[in-house]
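Below you'll find the structure, written out as structure tokens, and then a few comments.
The values are calculated or read from the model by the stated rules, or taken from the named source; none is laboratory data. The structure presented is a predicted model; accordingly, all values stated were derived computationally and were not measured. Positions of Cβ are backbone-derived with ideal geometry, glycine not excepted, and every protein chain shown enters the neighbour counts. Just so you know, the surface numbers come from the protein's heavy atoms only, side chains and all, with ligands and any DNA or RNA stripped out. Shrake-Rupley method; radii C 1.70, N 1.55, O 1.52, S 1.80 Å.
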Amino acid sequence: MAKRHEVPRPIKKAEYTIVFGTRQAEKGWTDLKATQRNALVDAWDFLTKRPKERQPKNHPLKGDLAQVTHQGGTHERWQHELSNGARIWFYVNGQTVVLVDCHTNHPNETK
């Protein structure tokens, strides 16, 4: 039998692609997958469809955290809230959602 490979989740042409912008985001995503798999799947679905829709659990950050400089550009930093204080920080560049931080607990910067 051939080696099994995970099938990546396809997206529609109108949807957004999600990429890791930092190693911390990649590590945090792995930790979130281990602790909040169902919530993370819901976050994936939301972020691929409407990442800049303002909702109580999805909104731009404020103050010093409102912007992030990454890969030569300055971007509006958004936060998607999961349960138990977990957060995904990201920015949108075209049709790409770039994850810059994934926190399994409420980040101290926003307390």
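Among (1) in a loop (DSSP other than H, G, I, E, B); (2) among the β-branched types (Val, Ile, Thr); (3) open to solvent by less than 40 Å² (accessible area, probe 1.4 Å), which single condition is ILE11 missing?
The one condition ILE11 does not meet is (3).
Any residue at all in segment 36-52 that is in contact (Cβ under 8 Å) with a residue 12 or more places away in the chain and over 14 Å from the mean Cα position of the chain (by Cα)?
No, that holds for no residue.
If ASN105 satisfies every condition in (1) modelled with pLDDT of 95 or more; (2) closer than 17 Å to TRP29 by Cβ but one, which is the exception?
With (1) modelled with pLDDT of 95 or more; (2) closer than 17 Å to TRP29 by Cβ applied to ASN105, the lone miss is (1).
Within segment 51-77, how many residues turn out to be modelled with pLDDT of 95 or more, hydrophobic (A, V, I, L, M, F, W, C) and under 15 Å from THR22 (Cβ atoms)?
Result for segment 51-77: 0.
Tell me, please, whether a residue that is open to solvent by 100 Å² or more (accessible area, probe 1.4 Å), of a type outside the set (Phe, Trp, Tyr) and at positive phi can be found in segment 14-27.
No; the residues of segment 14-27 include none that is open to solvent by 100 Å² or more (accessible area, probe 1.4 Å), of a type outside the set (Phe, Trp, Tyr) and at positive phi.
Give segment 20-32 a look and list any residue that's in contact with a Cys (Cβ under 6 Å, 6 or more places away or on another chain) and either assigned to a strand (DSSP E or B) or aliphatic (A, V, I, L, M) (or both), or say none.
Answer for segment 20-32, where residues must be in contact with a Cys (Cβ under 6 Å, 6 or more places away or on another chain) and either assigned to a strand (DSSP E or B) or aliphatic (A, V, I, L, M) (or both): ALA25, LEU32.
Considering only strands (runs of 3 or more DSSP E) fully contained in segment 33-90, which possess at least 1 residues that are aromatic (Phe, Trp, Tyr), open to solvent by less than 20 Å² (accessible area, probe 1.4 Å) and under 21 Å from ALA14 (Cα atoms)?
Where strands (runs of 3 or more DSSP E) fall fully within segment 33-90 and carry at least 1 residues being aromatic (Phe, Trp, Tyr), open to solvent by less than 20 Å² (accessible area, probe 1.4 Å) and under 21 Å from ALA14 (Cα atoms), they are 78-81.
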